[in-house]
Each structure stands twice: as structure tokens, then as C-alpha cells.
Amino acid sequence: MQEVFNRYLNYLKAERNFSPYTVRNYTTDLLDFFQFVKTRGVGSLGEVDKHILRDYLAHLSDRKLVKASIARKMSALRSFFGYLVREDIIDTNPAAAISSPKLEKRLPSFLTVEETVRLLTIPDLAKPEGLRDRALMELLYASGLRVSELVSLNLEQVNLETGEVRVWGKGAKERVVLIGKPAAAALSAYISEGRPKLTGKKATGALFLNRYGERIITRQVEKILEKYARIAGIGKRVHPHLLRHTFATHLLDGGADLRVVQELLGHADLSSTQIYTHVTKSKAKRVYLSAHPMAQEKSNESK
């Protein structure tokens, strides 16, 4: 079982181009399942059937795991057993007929334009860290990048003349994201003035650096956003993905085509992008109720 498991992890890395983060999650989820079947006296993968999987679902529920965690574990199992079928190790995928718990669709949170402006204008541009932080946040908001894509950026991927950034996204897929003049100006100031002071004598192609001249990490980006959100008095949990939500929502509010936003976000499936239309529709409803004369009349009558 261990040998098959190791081959599967190599398959995820080499053929599916899964990120280290995703591979780590799959590893954790599958090891949890292996531990469970061991307690049930299962000696081989061929002995796993839908009844054992349903027992495992009940076991996860008894542990009070949230639906999202259970759904993720079932997704890992479907993928793993699907691999075993393709490799002719087992005949059928026992997880294929097992339904994951239905997840509630939550509308993504986002910043208003006024909150975004407050956040972006907080950094002290007299300091190299301030120039970096301003450029970093401007780029997140202007491009909708994932934080993993942001921290892996190198200087050579940024073209300030054309306002384009080449990005390697999920599944090692390359795409080009666009940035506006404010982000380009912030990046230009950081690259010419702030970054050389952070680099010191170290030679690195990384775009965003910490104070030791090394590539910035995800947790530091999260801390940067938390700090400036607190200073700006924004009463929301501000994190890198929130700026990605804000980017998409503001684009759609401005009339951008859904397919264009999908391409800019790097979504493989349009349904992933459509969640933002619910946000813009809710805004449209508020605007309608406050602006349409008959809607106002009906609202007044109900008071």
C-alpha cells in the first residue's frame, strides 16, 4: 500500500502538476483514511468498498468535521481510487458513487472602492518596505493574483511598458494578467528605489523581498495586509484572497464581461467565476430599490 501511495503522490506532482500545498492536503487526507481502514481490519486496497467509505463518512461526521473538510477528503479519495483503476490495481472506483456533503454557497466578501483606496494609501513611501507593500497591494488589487502566484513572481515576468505580468497559475498553466497605471507606477517606484535597498549584496530574481533580501513568503503577505487594514480602520478580515474577490467584483460592477474576468482570474471553469455575479446582482438590487420611483413607493407603503 505504501509503494502505491508513493507512486500516486509522484503522479500528482509530475503529471497533474499539483501545487505542493494541494499535494500536502491530499497526503494528509489519504493518511487519515488509511488509519481508519486499518482499525477496520482492511488488509488491501481491493477490500475497500462503498460500505467502508460510508462508514468513513459517518466517522468524519462524528468527529464534527465541517462539510468543506469532509468534501475535500472525499475528493482526495475519488482521485486516489480513480488512479488505482487507471493503473489496473483495482477494477472499480468505490468512491465514485459516494456523494459528498452539499456545501452552502457563501458570497465572497470584498472591499468597497473607498476601503480599497484607504488600504492602498497607508504605506510609508519614504521606506523601502513601504514602497514594497504599496506595490504588493496595488498588484494584488490590479491583477487578482493568487498569493501563491504573487510570491513566486520574478522580475523578468513583469513588463511595466505594456502593463502585463506573466503568471504561472494552478496546474502550471501560464497566463498574462493586466495591470493599470497606479499599479505600474507603484511597481516602478519599488523596483527602482525600494527593492535595491532590500536586496543588499544578494543576487536574486525574486520580485518581492523581505528585509533580509530573500523572497517574501505567503505568511508575510498576510501579515502586511492585516497590519494596514488595522491602521486603515477596516472592520473586515483583510487577506490576499479578499483582494482577489475585490478585483473580480469591481470589474463586474464596472461592466466587464464574465468570460474576460474568468480568463484574468485563471479559472478553468466559468462556474468558479459566476459566484461574483451574485455579489453584483445583490448590489444591483440595492441600487434598484433605492433609485426606482415605484420601488421606493412600494417600500414606503410597507413601512
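Numerical summary
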{"quantity": "Cut-off under 5 Å, modelled amide H: who pairs with I216 long-range", "calculated": "F208, L209, N210"}
{"quantity": "More than 16 Å apart - percent of Cα-Cα pairs taken over the range 2-86", "calculated": "52 percent"}
{"quantity": "Residues of type aspartates and glutamates that K236 reaches as a straight line, Cα spacing below 20 Å, ignoring anything fewer than 8 places off in the same chain", "calculated": "E114, E115, D133, E138, E222, E226"}
{"quantity": "Principal axes of the chain: Cα extent on each, largest first, Å", "calculated": "71, 64, 32"}
{"quantity": "Under 5 Å, built H, 5+ apart or other chain: amide partners of V42", "calculated": "none"}
{"quantity": "Flagged links, alpha-carbon separation over 32 Å, of K73/K223; K64/K173; K13/K38", "calculated": "K64/K173"}
{"quantity": "Kirkwood estimate for the range 113-288, i.e. one over the average of 1/r between Cα atoms, Å", "calculated": "16.7 Å"}
{"quantity": "Cα centroid separation - the range 97-161 against the range 194-217, whole Å", "calculated": "19 Å"}
{"quantity": "Peptides ranked, highest mean first, by Cβ atoms within 10 Å: ranges 207-215, 159-167", "calculated": "207-215, 159-167"}
{"quantity": "Rounded to whole Hz, the Karplus (6.51, -1.76, 1.60) HN-Hα couplings of the range 111-121, x for glycine and proline", "calculated": "8, 6, 4, 5, 5, 4, 4, 4, 5, 6, 9"}
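Values quoted throughout were computed directly from the atomic coordinates according to the rules given, and no laboratory measurement underlies them. Nothing here was measured: the structure is a model prediction, and the numbers come from that model. Heads up, the Cβs are rebuilt from the backbone with ideal geometry, glycines too, and the neighbour counts pull from every protein chain shown.
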